[in-house]
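Below: one structure, written as structure tokens.
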Amino acid sequence: MENNKKLTISQVFWYFVFFSVVGLFVETMYGYITTGILESRKGLLFGPFCPVYGLGASVLIVSTYSLEKSPTKVFFTGAIVGGFVEYIISYILEAIYGIRFWEYSYLRFNLNGRICILYSIFWGILSIILLKWIKPLIDNIISKIPKRKIIEIILLIFLIIDAIITVWGINAYQNRVVYGKGGVIDIPIIRKFEETVFSNDVMLKTFPNLRYIDEEGNEIFIRDKVK
């Protein structure tokens, strides 16, 4: 039996926000456990957000919600959709920034290093967990948020501005460190702003694992170019 109840845009937005924050925590802890280093895994310059997790979880919920009565369908749909979304996001981020945020070439059964079978399985398992336990909890929390519409508007505006500034900042950082250019906008006052707000120290601390592709096709950490 399928679930025919519709999800609202408000619900999906809050799923995005919630999982962006929780995803950042999970990613940070995972990094610490696997490398012994506590470092930033943020996806945006300001605010505690890792939008890849927010977008991924939201898409998983939307695509599997009507199938929640069948865990098997949820698993396989989640695995396929999750892998597809991860691949597309990886491609888009590289197109925007010229760099990769993750790389799976070291794992077996990967596709261009952007996705792999292991993480697709994780997406499938996560889909079941999301629908069975986490989504009901979030829905309950959402229903109790006072003045929710106002908060949604404020959060949306903040996220849009944060995303724009992040794109600007990463491009300025890459231009300065990798290519030796003055900045994205070659105007003295703007360049000063970039060097202050997007300084090497700030960007290195916020995005320590940014990579770029050199002319020979090699992936190089930008942090290795910082003097």
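Quick notes
- Adding -39500 (n - 2.57) for every DSSP H run of four residues or longer, then dividing by how many residues the chain holds, sets the calculated 222 nm ellipticity at -20000 deg cm²/dmol.
- 0 to 90° range, to nearest 10: angle between helix 9-35 axis and the chain longest Cα axis: 60
- Rg ratio (alpha-carbon, reference 2.2 N^0.38 Å) - the stretch 101-168: 1.64
- Angle in degrees between helix 51-64 and the longest Cα principal axis of the chain, rounded to the nearest 10: 20
- Taking the longest Cα principal axis of the chain as reference, the axis of helix 148-177 is set at about 40 degrees.
- Using the empirical formula 2.2 N^0.38 Å as the baseline, the Cα radius of gyration of the stretch 81-126 reaches a ratio of 1.11.
- P(r) of the stretch 1-86 over all Cα-Cα pairs, binned every 10 Å from zero, in whole percent: 18, 38, 31, 12, 1
- Cβ-derived FRET efficiency at R0 41 Å, ILE33 paired with PHE84, nearest 0.05: 0.90
- Other residues within the sphere of radius under 14 Å centred on the Cβ of GLU27, judged by their own Cβ, net out at 0 (K and R +1, D and E -1).
- Counted by neighbouring Cβ atoms within 10 Å, the residues PHE75, PHE207 run from fewest to most as PHE75, PHE207.
- Spin-label model, ILE129/LYS181: points 7 Å from Cα along the beta carbon direction are separated by 4.1 nm.
- In the stretch 19-152, a dipole from Cβ-located charges (positive for Lys and Arg, negative for Asp and Glu) runs towards its positive end, and of TYR53, LEU126, PRO136 it is PRO136 whose Cα lies farthest in that direction.
- Hull-based mean projected area of the chain, where the convex hull spans the alpha carbons, in square nanometres: 14.3
- Note on the chain: with charges restricted to the Cβ of Lys and Arg (+1) and Asp and Glu (-1), its dipole about the Cα centre is near 720 debye.
- Environment charge at ILE145 (Cβ cut-off 15 Å; Lys +1, Arg +1, Asp -1, Glu -1): +2
- Backbone N within the stretch 42-56 under 16 Å of label point (7 Å from VAL26 Cα along the Cβ vector): 42-43, 49-56
- Estimated translational D of the stretch 94-227 in µm²/s (Stokes, Kirkwood radius over Cα pairs; 4 °C; 1.567 mPa s): 71
No value in this document is a laboratory result; all are computed from the given coordinates. If you're wondering where the values come from, they're calculated on a predicted model, not measured in any experiment. Every residue, glycine among them, receives a Cβ derived from its backbone with ideal geometry; neighbour counts consider all protein chains shown.
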